[in-house]
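Please read the structure below before turning to the comments.
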Protein chains: 2
Amino acid sequence: MSKLIQRLTIIGVGLIGGSLARALKQADVCGEIVGCGRDEVELKKAVELGVIDRYAVDPAEAVCGADVVLLAVPLSAMRGVMESIKPALATDVILTDVGSAKVSVLDDARAVFGELPPGLVLGHPIAGTEKSGVEASFATLYQKRKVILTPLDGSNDDALSTVAAMWRYAGAEVVEMSAEHHDLVLAATSHLPHVLAYTLVDSLARMDETSEIFQYAAGGFRDFTRIASSDAKMWHDICLANRTELLNVLSHFRKDLDMLSVALESSDSEAILECFSRAKLARDHFSKLIAE
Amino acid sequence: MSKLIQRLTIIGVGLIGGSLARALKQADVCGEIVGCGRDEVELKKAVELGVIDRYAVDPAEAVCGADVVLLAVPLSAMRGVMESIKPALATDVILTDVGSAKVSVLDDARAVFGELPPGLVLGHPIAGTEKSGVEASFATLYQKRKVILTPLDGSNDDALSTVAAMWRYAGAEVVEMSAEHHDLVLAATSHLPHVLAYTLVDSLARMDETSEIFQYAAGGFRDFTRIASSDAKMWHDICLANRTELLNVLSHFRKDLDMLSVALESSDSEAILECFSRAKLARDHFSKLIAE
């Protein structure tokens, strides 16, 4: 019987790409999984761990004969990788990615390909850990996690159904929305919280009482520092790639924080309690929607 | 043999007061534990659960004959409770508390007692959960957690050593600092993070895409909503009680957030990466100090 994918090429075999490869191997839905990346030591390790079947260091060589190509590289590397693989892609290739921002990847694709390839269906798995690298990858990372696909009007149905099926075999729940809407929602739920966590930890780390502050880190701050332990370069890329939407929600947040600051200055008990109570109500109301 | 405490009166038998009572019962270091609170149903439950030996609804009655009195009531209730118990306190009573801000409790005590009682040694256990009420209490809440005591120049040594020993029997590590310093450190590590979490959740909850935002809550935002699920009235009290120090760190943070916002607006890649990298470095450097 023919498999879902004959040859899957994953460019960037780290936590995200490696975990998908592991899950698809377990589901036995790929004829062959080819890895590609800049670090040959990592690629050798990926073969030894059984995550991929073989590798190529040259992206063009790696995508040769692939029916599906997954870009799992940092957002800042997307355009360069697309340029490298463009001459070697099959005409009917299905091209997808895992980037945390989607409009910027579409812009990269437009810049490289001109007209967008009909097999292009971008995606974003809402999953991850603070770790990185192929050794941190595991087959169950996407179990019950959401994957957002952002098909275009011109995307072909076969590409969309193949990419969706691939993620479902990895255990994920697939949802669809526009790239623009994805970027707005993720700016609010993920990118802004990371900006606040990084800024808070940096802000406190530069205070005189630093070591003490970290020593007495209570519940609240410990959660913030956990967020701020994510890869700094990766989050820098994400924030720049989605800066328009991020600036939009950040501006909302700063206005609200200014208002709370004024309320504190004037000991406006009612305004403070209203803000905190609304937040707790919202959290309790939506807590069922939040996978714990 | 005589016990560490003959009669301990705990005013406010919820998560914090109840968990200490449970731990001291296990350690068998109190002759008797008397509970007091406004909700008689809760107090009856506390007796049934074996958390306290008996209770009184009237604070003055409850502290009668107590050698140690622990105030585990909200910060906004401290002054009123002190006024109620003042006439009934033994002259050599040891009086302590668990409030999340310390200067405001000292102010309350000065307002009620005039000169501060020599047996007054305030404290703050850095522990808790998002739950509240005596049913949520458990004996191991303070195991390996820090308790900050803020003795005064005039505090007597016996009171300090008794309060310290009480917390150590509950499994806590006791440290000492001034009330002012406590408030500065906690404003940074606990009060500001809670303000940011509440403000973010409230800010996003009022956006049009609310239900979707909560549905796609990724790692970062989920941590924020967890913080914002804490008791709103309690945190309102804490923020007002420690508003001077809180406004101080909030002002630092807002300046840093303004700078990051400017960096994003101008796509200042270097400034963003520097901020995120410093934060990650600080977090990694101090991660050993943070109990996971």
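No lab work stands behind these numbers, since they all come straight from the coordinates. Just so we're clear, the structure is a prediction, and the values are computed from it rather than from any experiment. Here the Cβ positions follow ideal geometry from the backbone for every residue, glycine too, while neighbour counts run over all protein chains shown.
Here are the numbers:
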{"read-out": "Nearest-20 debye value, chain B charge dipole, Cβ charges on Lys, Arg, Asp, Glu", "value": "580 debye"}
{"read-out": "Cα centre as origin, Lys/Arg/Asp/Glu Cβ charges: the protein assembly as shown dipole, Debye", "value": "1140 debye"}
{"read-out": "Residues whose placed amide H lies under 5 Å from that of A:Asp97, excluding near-sequence neighbours", "value": "A:Leu71, A:Gly123"}
{"read-out": "Exercise: per-residue mean of other protein chain Cβ atoms within 10 Å, B:248-257", "value": "5"}
{"read-out": "Pseudo-label separations to other copies for B:Ser251 - Cα-to-Cβ vector, 7 Å, nm", "value": "2.7"}
{"read-out": "Antiparallel %, DSSP beta bridges [both residues in the protein assembly as shown], to 5", "value": "15 percent"}
{"read-out": "Inter-copy separations for A:Gly50, label at 7 Å along Cα-Cβ, nm, ascending", "value": "5.0"}
{"read-out": "Cβ neighbours within 10 Å from other chains - mean over B:229-236", "value": "6"}
{"read-out": "Closest approach to the A/B rotation axis among chain A Cβ atoms, residue and whole-Å value", "value": "A:Asp223, 2"}
{"read-out": "Leading residue at positive end of dipole, the range A:139-270 (Cβ point charges), from A:Ala165, A:Ala205, A:His182", "value": "A:Ala165"}
{"read-out": "Shielding by partners, peptide B:261-269 (average Cβ within 10 angstrom, other chains)", "value": "4"}
{"read-out": "Residue order, fewest to most surrounding Cβ atoms within 10 angstrom, among B:Met234, B:Met259", "value": "B:Met259, B:Met234"}
{"read-out": "Given charges at Cβ of Lys, Arg, Asp, Glu: chain B dipole, positive-most of B:Ala60, B:Leu257, B:Pro117", "value": "B:Ala60"}
{"read-out": "Rg ratio (alpha-carbon, reference 2.2 N^0.38 Å) - the range B:5-177", "value": "0.92"}
{"read-out": "Inverse mean reciprocal Cα-Cα distance (Kirkwood Rh) of the range B:123-248, Å", "value": "16.8 Å"}
{"read-out": "Distance histogram in 5 Å bins (all Cα pairs of chain B, percent per bin)", "value": "1, 5, 10, 14, 17, 16, 12, 8, 6, 5, 3, 2, 1, 0, 0"}
{"read-out": "Within the protein assembly as shown, helix-based [θ] at 222 nm, where runs of 4 or more DSSP H residues each add -39,500 (n - 2.57), nearest 500", "value": "-15500 deg cm²/dmol"}
{"read-out": "GluC sites (Glu not before Pro) within the range A:119-208, DSSP loop, no more than 16 other Cβ atoms inside 10 Å", "value": "A:Glu130"}
{"read-out": "7 Å along Cα→Cβ, label-point gaps from A:Phe113 to other copies, nm, shortest first", "value": "7.5"}
{"read-out": "Scattering curve values for the range B:1-72, log₁₀ I(q)/I(0), Debye with Cα scatterers, q = 0.24, 0.28 Å⁻¹", "value": "-1.02, -1.38"}
{"read-out": "FRET efficiency, 1/(1 + (r/R0)^6) with R0 30 Å, evaluated for B:Arg54 and B:Ser2 via beta carbons", "value": "0.90"}
{"read-out": "Neighbour-count order for A:Leu149, A:Leu247, A:Leu20, fewest beta carbons within 10 angstrom listed first", "value": "A:Leu247, A:Leu149, A:Leu20"}
{"read-out": "Interchain or long-range residues, amide H under 5 Å from B:Gly65's placed H", "value": "B:Ala90"}
{"read-out": "Distance in nm between pseudo-label sites at A:Ala271 and A:Glu135 (7 Å out along the Cβ direction from Cα)", "value": "5.2 nm"}
{"read-out": "Chain B - share of DSSP beta bridges that are antiparallel (%, nearest 5)", "value": "15 percent"}
{"read-out": "Nearest-20 debye value, the range B:42-170 charge dipole, Cβ charges on Lys, Arg, Asp, Glu", "value": "500 debye"}
{"read-out": "Vicinal HN-Hα couplings computed from phi for the range B:235-251 (Karplus, 6.51 cos²θ - 1.76 cosθ + 1.60; Hz; Gly/Pro x)", "value": "6, 4, 4, 4, 5, 6, 5, 10, 5, 4, 5, 5, 4, 4, 6, 5, 5"}
{"read-out": "When the range A:182-289 is reduced to its Cα atoms, the Kirkwood hydrodynamic radius in Å", "value": "15.8 Å"}
{"read-out": "Orientation-averaged projected area, Cα convex hull of the protein assembly as shown (nm²)", "value": "29.0 nm²"}
{"read-out": "Helix axis angle, B:15-27 relative to chain B longest principal axis, alpha carbon, degrees", "value": "50 degrees"}
{"read-out": "Karplus (6.51, -1.76, 1.60) ³J(HN,Hα), θ = phi - 60°, over the range B:147-153, in Hz, Gly and Pro reported as x", "value": "10, 9, 9, 10, x, 9, 4"}
{"read-out": "For the range A:188-195, Karplus couplings with θ = phi - 60° (6.51, -1.76, 1.60), whole Hz, Gly/Pro x", "value": "6, 8, 9, 6, 4, x, 5, 4"}
{"read-out": "Neighbour-count order for A:Phe113, B:Phe221, fewest beta carbons within 10 angstrom listed first", "value": "A:Phe113, B:Phe221"}
{"read-out": "Amide proton proximity set for B:Val13, modelled H, under 5 Å, gap of 5+", "value": "B:Cys36"}
{"read-out": "Mean separation of Cα contacts under 8 Å (6+ apart) over length of the range B:5-177, as relative contact order %", "value": "25 percent"}
